[in-house]
1. If you roll a 1.4 Å probe over the range 36-120 with all protein chains in place, what percent of the accessible area is carbon or sulfur?
2. Sorted by accessible area (1.4 Å probe), largest first, how do T78, T384 line up?
3. As a quick test, which of the pairs K309/K342; K152/K375; K358/K410; K338/K375 have an alpha carbon distance above 24 angstrom in this structure?
4. Per residue of the range 76-87, what does 6.51 cos²θ - 1.76 cosθ + 1.60 with θ = phi - 60° give for ³J(HN,Hα)? Whole Hz please, x for Gly and Pro, Karplus curve as stated.
5. Just the Cα atoms of the range 194-322, one point each, no solvent: what log10 I(q)/I(0) does Debye give at q = 0.19 Å⁻¹?
6. Any idea of the accessible area per residue across the range 194-340, 1.4 Å probe, to the nearest Å²?
7. Pop out the ³J(HN,Hα) list for the range 365-374 in order, Karplus 6.51 cos²θ - 1.76 cosθ + 1.60 with θ = phi - 60°, rounded to Hz; leave Gly and Pro as x.
8. Please compute, for the alpha-carbon atoms of the range 251-290, the extent along each of the three principal axes and give them in descending order in Å.
Amino acid sequence: MGIPWEFPAVTRLLSGFKSILIINLNSKNMLKVNFYLKADKVNKSGLSPIFAKVSFHNKSTTMSTGKMMTRERWQATTNLRNTLRLENEKVIRNALEIFKLDVERRVNDILKFGSQVSLDSLKAEIQGKSIPNKKAAGIIGIIEKHNVHFKKKTDAGDRAPASLQKYQRAQTLLGTFLLKHYQAAEMDVSEIDDAFVFSLESFLRYDSEFKGIIGIRNNSVVKYMRMFKTACRHAVRMGSIVKNPFEVYDGKLKVTDSVFLSQHELDVINLKIFDIERLQRVKDIFLFSCYTGYAPVDATSLNETNIIKDGSDSLWIIAKRAKTDIRANVPLLPPALKIIEKYRGKQPGLLPSISNQKMNAYLKEIGDVCGIQKKLTWYVARHTFATTVTLGNGVRIENVSAMMGHTNIKQTQHYAKVMDESVMVDMDRLKERYK
């Protein structure tokens, strides 16, 4: 059996190690380097090899340090902890300290770039070996593998199909960029530098083309770049790459005013009867979202099992949001219940299903017929729930956040804009005090 030993924290820097470690790698649950004598292996001179066990986040690997000692001297020096008098033992201890510092430095360099540590890669690098059968990782291949993994989550109902479409669109945009700027269909991740990342951002912002439109707006550009970063993080976790080249990107989303309907506009749509059946269905689904806050993928996937009656006979919709996988409980308001009753038993779910793309096209038609100047989309319905239906009627923002399935209240503040009517009500009360 091996005899374990761990050096105390090394506080001095040896020659050749001029950079200061900025991360405490010896902290709990982080990096640990333990040295032990492999006493079951003895050469003709009676020497046994000293091995290092490198542990990081509950994973470990072992490697030879290249140094050897007799079992007797290892034990006599209390595993090299005692004050040493023999010169060769001092040399061995210094060599082990250098070995440990080398491991710390390499791990620290990886962490500084926001990447995850692969102990197999670290071992191969220290020993000057390459990992066998390790093919170069191409950026398109990495995005594609991530999208295959994401599709499994989508098929399982953990993520929305619309999110998968965006990742697939991101892959197409990246492929177009490579062909245009590098005349290549693929590029090794190791060749991607900061200039590549910011050239890609510039391409998306000013040169990309989709459906005849040149360039992409800031928020969409930032989201696409974050998708590339997410896909590469997945590759790091899977051990395909060591460093995420997109960690350098730090673009920010611009906060924009949310478009929502006033109560008057909501009533206009509600009272309008359409002779065309498809428009009537779209109108009903849209209004259902206005009164529940459910996004399209959530609203059209609801079924009877999602309707629950509480102890006071009040009806609730109980479901997880596809985007955040967070359970959201929403009281069923009379207008939403009326729509459910209209379609009950006519399809598998509570509401008719329709694609998001067609829905937005039909909503534009509904807006034109109803004389509403605002551009109607699915998100307008969600914003309307946050403002006109809930906050505008005195529902506390904490409860609105919970019903919308948000992970924090800042998300709700983005959706929930205070309406002029609410401001005037509060100001009228204030005026009364100063009369």
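1. On the way: 2180 of 4650 Å².
For the range 36-120, the apolar C and S fraction of the accessible surface comes to 47 percent.
2. T78, T384
3. Details: K309/K342 19 Å; K152/K375 34 Å; K358/K410 31 Å; K338/K375 26 Å.
The answer is K152/K375; K358/K410; K338/K375.
4. Going residue by residue, I get 5, 8, 6, 6, 6, 7, 5, 5, 9, 10, 6, 4 Hz, with x marking Gly and Pro.
5. -1.09
6. Working: 7590 Å² over 147 residues.
On a per-residue basis, the range 194-340 sits at 52 Å².
7. Running phi through 6.51 cos²θ - 1.76 cosθ + 1.60 with θ = phi - 60° gives 5, 5, x, 5, 5, 7, x, 8, 6, 6 Hz.
8. Taking max minus min along each principal axis of the Cα atoms, the range 251-290 gives 46, 22, 14 Å.
The values are calculated or read from the model by the stated rules, or taken from the named source; none is laboratory data. Given the structure is predicted, the values throughout are model-derived calculations rather than measurements. Cβ: placed from backbone, ideal geometry, glycine included. Neighbour counts: every protein chain shown. Keep in mind that these areas ignore ligands, DNA and RNA; they rest on the heavy atoms of the full protein, side chains included. Shrake-Rupley method; radii C 1.70, N 1.55, O 1.52, S 1.80 Å.
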